[in-house]
1. Which lysines have a Cα lying under 23 Å from the Cα of Lys376, excluding residues fewer than 8 positions away in the same chain?
2. Compute, for the chain, the length of the dipole vector about the Cα centre, with Cβ point charges of +1 (Lys, Arg) and -1 (Asp, Glu) only. Units Debye, rounded to 20.
3. Classify the chain as rounded, prolate or oblate from the Cα gyration tensor: take a ≥ b ≥ c as the square roots of its eigenvalues, call it rounded if a/c is under 1.5, otherwise prolate when a/b beats b/c and oblate if not.
4. Counting other Cβ atoms within 10 Å, which GluC sites (Glu not before Pro) in the range 256-295 have at most 14 and lie in a DSSP loop?
5. Counting only helical runs of four or more DSSP H residues, what would the 222 nm mean residue ellipticity of the chain come to if each run contributes -39,500 (n - 2.57) and the total is spread over all its residues?
6. Take each complete run of DSSP H in the chain, measure how far its Cα atoms stretch along the helix's own axis, and keep only those covering 24 Å or more with mean Kyte-Doolittle hydropathy at least 0.0; list them.
7. Using the Cα gyration tensor of the range 59-137, with a ≥ b ≥ c the square roots of its eigenvalues, what is the shape: rounded (a/c below 1.5), prolate (a/b larger than b/c) or oblate (neither)?
8. Pulled fully out, how much extra length does the chain show between Asp75 and Phe187, if you take 0.36 nm times their separation in residues and subtract their Cα-Cα distance?
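Nothing in this text is a laboratory measurement; each read-out follows from the coordinates by a stated rule. What you see is a predicted model, and the numbers here were worked out from it, not measured in a lab. Here the Cβ positions follow ideal geometry from the backbone for every residue, glycine too, while neighbour counts run over all protein chains shown.
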Amino acid sequence: MSLELSVLSLLLGAFFAPLFAKVLKMPVAVGELVYGLALGLLLGGGISESQTVAFLSEFGFMLLMFLVGLEIDFDLLEDTPKGTIGLYLGYFGAVMALSLTLVPLLGFRVGIGAVLSLVSVGLVLVSLRESGLMEKEIGKRFLILGVVGEVLSLVVITLLHKLGEFRDLENFFKDLLITLLFFLGLFILFRAVKLLLWWYPELIGFISYGRDTSAVSIRLSLFVMFFLSVLAHASGTESAVGAFLGGAILSYFLRDKEELEHKLSAMGYGFLIPVFFIHTGVKMELSEFSYHTLKLSFGFLILMLAVRYLPAPLLLLARFNPKEVALLPLLLAYPFTLMVAGAEILNRMGVIGTEVHLALIISAVLSTLIFPWIGKPAMRRL
């Protein structure tokens, strides 16, 4: 398929998916994923093999992760008691420990437990936006909880990535040292920028409050996103980690960021992020699908819910009410992007076979189709 037709089919999907999703009362991102699955079945690999489309998809994913970081409300985070943050960490620690314990008892490799416990707030952010909860404090608290889980999950993904490239102990520790140097360098850069802005606070005004006729804030955002993504990739860390950290750092310094968020969201959710979800659907390989694979997939879905709901009473201590605690584990149970990444790493490591790999991918897809749909009515009532 020509590049023009590939891009046209993506644009059609970006336009029609929200209408399709609205009719079926599902999140828009899920509608885009379903459109991508249908497109892949109809047109085969013509779209997925296009390097230009693959780049646009990767750009969309990085922008989604950047926006997740940018959405962090540091004013609210700084007002959140340290004990509450500790409870968030305790909850996700319990989720991961439970998953790493239960999954091997059921006869699966421990790496699968790590993948099933991952949390990614990209789709959660989309769901919160569509339900209008991001305009309320409860939506911001949900996002902070999810971000804490995603940070832990990114650490797990980074470790899995390192293990996936394991050759010998010497090279493993060398790669780990490079990754630690990346985070140390990022911390030093953060402190240097903080000191610079303390001496020259007018720089923030130049970006945030002035008439941004040259779109300086957009240029800065894209530079920070790509710069840290490239540095992360060079250090052996997932590029998405760099994009997420870039958004979080910019959010820390630009507290008055509503206009910037609006501009980036319009660009991202208007085209690039839909391209990522559609392209992900197109790439789905269903040729080896079987009834046993489907059973495995639903088993993984049940495990994903179980390990999130069993420790959920801990969240009652973090000032969430019972209605919110009943919803939160469901919102945290569709970590599509990180789950796909984790499954790919386990497959490359040879830890799982083709069938289990496909079952994990299908579980990731089904979680994005089923859980947001179930949770959407409850989100409206909050």
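1. Cross-link targets: Lys22, Lys25, Lys136, Lys140, Lys323.
2. On the way: 27 positive and 29 negative charges, 163 e Å.
The dipole magnitude comes to about 780 debye.
3. Taking the square roots of the gyration eigenvalues as a ≥ b ≥ c, the chain is rounded.
4. Details: sites: Glu258, Glu259, Glu261, Glu285, Glu288; in loops: Glu285, Glu288.
Counting only loop positions with at most 14 other Cβ atoms within 10 Å, the GluC sites (Glu not before Pro) in the range 256-295 are Glu285, Glu288.
5. Values: 18 runs with 296 residues, N = 382.
Mean residue ellipticity, 222 nm, calculated: -26000 deg cm²/dmol.
6. Going by DSSP H runs, the hits are 3-24, 51-70, 82-105, 137-164, 169-199, 216-234, 291-309, 354-380.
7. Oblate is the answer for the range 59-137, as a/c is 1.5 or above yet b/c matches or exceeds a/b.
8. 38.3 nm
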